[in-house]
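The structure appears below as structure tokens.
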Amino acid sequence: MEIEQYRQIIQNLILERSQRRFAPEEIEVQAVLDTERDHYLLLHTGWRDNHRTHGCSMHLDIKDGKIWIEYDGTEVGIATLLLEQGVPKEDIVLAFHSPYMRQFTEFATH
């Protein structure tokens, strides 16, 4: 697959999840899609009662032609969703695992 296809797949995944409304209305869901630098995030920010909420539920980057999953806060698993979209395992890096541990996965190590 080409990088442009990866960009489109990632953007679709993030935008689809940004439309879901599980959080209270005070929580804003932000899709951050930096196609120039290939950084993609799904952020949640706002207030719950008197407590500030700010966090990332998805963070993906494209580096050297591969999709790096920097953070996965989904229930299904981003790698599974990418595989369903036709992304080969050798083009997915589970960056949330240490470089040493990646060798024990069925995905790319770098």
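List of remarks:
- Region 69-84 - residue that is hydrophobic (A, V, I, L, M, F, W, C) and free of Cβ contacts under 8 Å to residues at least 40 places away in the same chain and, of those, surrounded by the fewest Cβ atoms within 10 Å (Cβ to Cβ): Val76
- For Leu33, the conditions (1) part of a loop (DSSP other than H, G, I, E, B); (2) within 24 Å of Phe107 (Cβ to Cβ) are fulfilled apart from (1).
- Taking every residue in region 85-110 that is free of Cβ contacts under 8 Å to residues at least 40 places away in the same chain and pairing it with any residue that is hydroxyl-bearing (Ser, Thr, Tyr), at least 6 positions away or on another chain, the pairs with Cβ-Cβ distances below 8 Å are Val93/Thr109; Leu94/Thr105; Phe96/Tyr71; His97/Thr105; Pro99/Thr109; Arg102/Thr109; Gln103/Thr109.
- Top-ranked residue in region 4-33 [being in contact with a strand residue (DSSP E or B) (Cβ under 7 Å, 6 or more places away or on another chain) and more than 21 Å from Gly77 (Cβ to Cβ); ranked as surrounded by the most Cβ atoms within 10 Å (Cβ to Cβ)]: Ile27
- Any hit, region 46-68, residues being in contact (Cβ under 8 Å) with a residue 60 or more places away in the chain and either under 13 Å from Ile14 (Cβ atoms) or touching a helix residue (DSSP H, G or I) at 6+ places or on another chain (Cβ under 7 Å) (or both): yes
- Candidates Val76, Val87: the one that is out of contact with any helix residue (DSSP H, G or I) (no Cβ under 8 Å at 6 or more places or on another chain) and either in a loop (DSSP other than H, G, I, E, B) or small (Gly, Ala, Ser) (or both) is Val76.
- Reported count of residues in region 78-95, each being touching a strand residue (DSSP E or B) at 6+ places or on another chain (Cβ under 9 Å) and within 15 Å of Leu42 (Cβ to Cβ), is 2.
Values in this text are rule-based calculations from the coordinates and carry no lab data. Every value quoted in this text rests on a predicted model; they were computed, and no experiment measured them. Heads up, the Cβs are rebuilt from the backbone with ideal geometry, glycines too, and the neighbour counts pull from every protein chain shown.
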